[in-house]
Amino acid sequence: MLKTIFAGLMSAAAVAFPALGADKVAFADIVTAFDQAIFSGQARVSKWPLDRALRLKVAAPLNTAETQALNDAMAMIIRHTRLTLQRDDRAAEAELTVELVDGLGSRGGGIHNVGRTHSSYSGASAEMQVVTIAIARDWASRDPKLINRTLPHEMLHAVGFHGHAPDGFDSVMSGSVGGSATPTAWDLLFLKVLYDERLPLGSPRVFALPIACALLHERLVAERNTSVADLRPNGTHPYCASLASRPVAASMESERVAIAWAYLNGLGVKRDLTEAERWAQRSKALGDRDADYLLYSIGQAKPRP
């Protein structure tokens, strides 16, 4: 089953975050920004598999500045993940496609609604499969700054940033209020954590967010980041512990499926086929579409008598 998300330059909830290098920010606010940028509307970690070779096809001619912005965005992805990303405009099929479209951009001042990313991914594993990045055809003529903001913004959507950082947070993924015009250290941090092998593809948010919290804290401590007010250099941050202690409760179809999948595969939690079957049966009783596939997979995983 394919599931689809649409992500453009939309405003998130208005929350004031200090910019990098300004007043110090609380660590919990960093985790909240990561949560909104990565998991908004998602029940699990959805990204490309590690070590995946991806082809990117540009379906319309770009000018010199646009080409440079695309190259910079591709280099950012390659440098901070283990993905291989290569442009191939002659490919009959490509994992990522960039196209120019009419009628997408907004008239008037400000930076908004000039890009849209359409991502398809597997319902069971959450593995990303096909991505199309649509860019307003006249984007650069209205505001040249859009070139260096829109392409990295949409490229981050294309590799697993399914939401937006809060307004005012110093990120190219923020909404139109207070966001950066180019990728920031926070964007690169979030990208590295998303593609850390310890944050498994398909992990439900309820299990993945405490892992991501610990990884964010680990990197900030290692980098001796002075913009975060309350790091704990010698131990686990209590905010991560509080996330890990929250009860597992799922009411949405995608969350039930994700939790069953996690227990089946040991994603963010110890592998437990009994618990996986319990969640899958609950999913089936409520009419979830992936339940039969999950129960079949659990049955195949059980030891033969």
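Can you pull out the residues in the stretch 36-79 that are crowded, with 19+ Cβ neighbours inside 10 Å and within 14 Å of the chain's Cα centre (by Cα)?
Residues satisfying the conditions are GLN36, ALA37, ILE38, PHE39, GLN42, ALA43, ARG44, VAL45, SER46, LYS47, TRP48, ILE77.
Restricting the stretch 122-155 to residues that are assigned to a helix (DSSP H, G or I) and among the aliphatic types (A, V, I, L, M), which is modelled with the lowest pLDDT? Before you say what the answer is, go through the steps one by one.
Just the residues of the stretch 122-155 that are assigned to a helix (DSSP H, G or I), to begin with: 139-142, 145-155.
Next cut, among the aliphatic types (A, V, I, L, M) only: 140, 146-147, 151, 155.
On the way: ALA140: 56, LEU146: 75, ILE147: 76, LEU151: 90, MET155: 95.
Of everything passing the filter in the stretch 122-155, ALA140 is modelled with the lowest pLDDT.
Being of a type outside the set (Phe, Trp, Tyr), over 24 Å from MET128 (Cβ atoms) and either in contact with a helix residue (DSSP H, G or I) (Cβ under 8 Å, 6 or more places away or on another chain) or in a loop (DSSP other than H, G, I, E, B) (or both) is the requirement here; does ALA212 meet it? Steps first, please.
Values: of a type outside the set (Phe, Trp, Tyr): yes; over 24 Å from MET128 (Cβ atoms): no; either in contact with a helix residue (DSSP H, G or I) (Cβ under 8 Å, 6 or more places away or on another chain) or in a loop (DSSP other than H, G, I, E, B) (or both): yes.
No; evaluated as a whole, the condition is false for this residue.
Is there any pair with a first residue in the stretch 87-101 that is closer than 16 Å to TRP48 by Cβ and in contact (Cβ under 8 Å) with a residue 24 or more places away in the chain and a second that is among the hydroxyl-bearing types (Ser, Thr, Tyr) and in a strand (DSSP E or B) whose Cβ atoms are under 8 Å apart and which are 6 or more apart or on different chains, and what are they?
So the pair list comes out as LEU96/THR132; THR97/THR132.
Which ones in the stretch 24-39 are part of a helix (DSSP H, G or I) and among the β-branched types (Val, Ile, Thr)? Give the steps one after another, and end with the answer.
Here is the first cut: in the stretch 24-39, the residues part of a helix (DSSP H, G or I) are 27-39.
Once the filter is applied, which keeps residues that are part of a helix (DSSP H, G or I) and among the β-branched types (Val, Ile, Thr), the stretch 24-39 yields ILE30, VAL31, THR32, ILE38.
Looking only at the stretch 208-224, which residues are closer than 21 Å to THR81 by Cβ and buried (at least 17 other Cβ atoms within 10 Å of the Cβ)? If you could, list the steps in order and put the result at the bottom.
Start the filter on the stretch 208-224 by keeping residues that are closer than 21 Å to THR81 by Cβ, which leaves 208-209, 211-220, 222-223.
Passing the criteria: ALA208, LEU209, ILE211, ALA212, CYS213, ALA214, LEU215, LEU216, HIS217, LEU220.
Restricted to the stretch 52-91, and to residues that are among the charged types (D, E, K, R) and assigned to a helix (DSSP H, G or I), which residue is nearest to PRO152 (Cα to Cα)?
Taking the stretch 52-91 first, the residues among the charged types (D, E, K, R) are 52, 55, 57, 66, 72, 79, 82, 87-90.
This time we only want the ones that are assigned to a helix (DSSP H, G or I), so: 66, 72, 79.
Working: GLU66: 11, ASP72: 8, ARG79: 13 Å.
Checking each candidate, the answer is ASP72.
I need the full set of residues from the stretch 218-239 which are of a type in the set (A, V, I, L, M, F, W, C) and in contact (Cβ under 8 Å) with a residue 40 or more places away in the chain, in order please.
LEU220, VAL228, ALA229, LEU231, listed by residue number.
Please go through the stretch 287-305 and pick out each residue that is assigned to a loop (DSSP other than H, G, I, E, B) and modelled with pLDDT of 85 or more.
Start the filter on the stretch 287-305 by keeping residues that are assigned to a loop (DSSP other than H, G, I, E, B), which leaves 287-290, 302-305.
Correct list: LYS302, PRO303.
The values are calculated or read from the model by the stated rules, or taken from the named source; none is laboratory data. Just so you know, these numbers come straight off a predicted model, no measurement behind them. Positions of Cβ are backbone-derived with ideal geometry, glycine not excepted, and every protein chain shown enters the neighbour counts.
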